[in-house]
Amino acid sequence: MRTSSTLALDAPVASVVPLVEDLSCYPEWMPMIHGLERSDEGDGTAWNVELRAKVGPFARSKRLRMVRTVRETAPDGTVTVVFERREVPTRAHSSWTMTVRVVPRGAGCTVEMDLAYGG
């Protein structure tokens, strides 16, 4: 399954990137994240995440360990951040990959978010 979303913001890339490269900021603006805690060695790259979604009277939740695997800036100023599911201990799990691109647009930027998951 794959879902994508794009949002145009009247904020510069430098103001938006800190909010998308650190999953600790996501619960403030993404209601799908129900719970979150760091799961790294202090380097700020891994989080245990509880996702929750409601459909009518039903709620479904999923717990994952997500690791930031990419954080790069292109020559045009576009910043790409990728988070991937990496469980500990390592064993077979469905894939989850979230790619976020922050693209300069005049004085503001566009945030493109793509979430692909296998179950």
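The values are calculated or read from the model by the stated rules, or taken from the named source; none is laboratory data. Keep in mind it's a predicted model, so treat the numbers as computed, not measured. Neighbour counts run over all protein chains shown; Cβ positions are idealised from the backbone, glycine included.
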#### Entry: Set ARG91, ARG60, ARG52, ARG71: member being assigned to a loop (DSSP other than H, G, I, E, B) and either over 11 Å from the mean Cα position of the chain (by Cα) or among the hydroxyl-bearing types (Ser, Thr, Tyr) (or both)
ARG91
### Single residue of the range 10-29 satisfying the filter (farther than 20 Å from ARG86 by Cβ and assigned to a loop (DSSP other than H, G, I, E, B)) that is farthest from the chain's Cα centre (by Cα)
ASP10
### Message
Scan the range 74-90 and tell me whether some residue there is at pLDDT below 90 and within 21 Å of LEU7 (Cα to Cα).
### Response
no
### Query
Quick one: would you say VAL49 is in contact (Cβ under 8 Å) with a residue 40 or more places away in the chain and either surrounded by 14 or more Cβ atoms within 10 Å (Cβ to Cβ) or closer than 18 Å to TRP29 by Cα (or both)?
no
### Task
Report whether or not VAL79 is buried (at least 17 other Cβ atoms within 10 Å of the Cβ) and touching a Cys at 6+ places or on another chain (Cβ under 7 Å).
no
### Query
Looking only at residues in the range 91-119 that are among the small types (Gly, Ala, Ser) and more than 18 Å from THR3 (Cβ to Cβ), which one is surrounded by the most Cβ atoms within 10 Å (Cβ to Cβ)?
GLY108
### Summary
If we ask which residues in the range 69-88 are closer than 13 Å to THR45 by Cβ and touching a residue at least 60 places away in the same chain (Cβ under 8 Å), their number turns out to be 2
### Which numbered condition LEU23 fails, given (1) exposed (fewer than 14 other Cβ atoms within 10 Å of the Cβ); (2) modelled with pLDDT of 90 or more
(1)
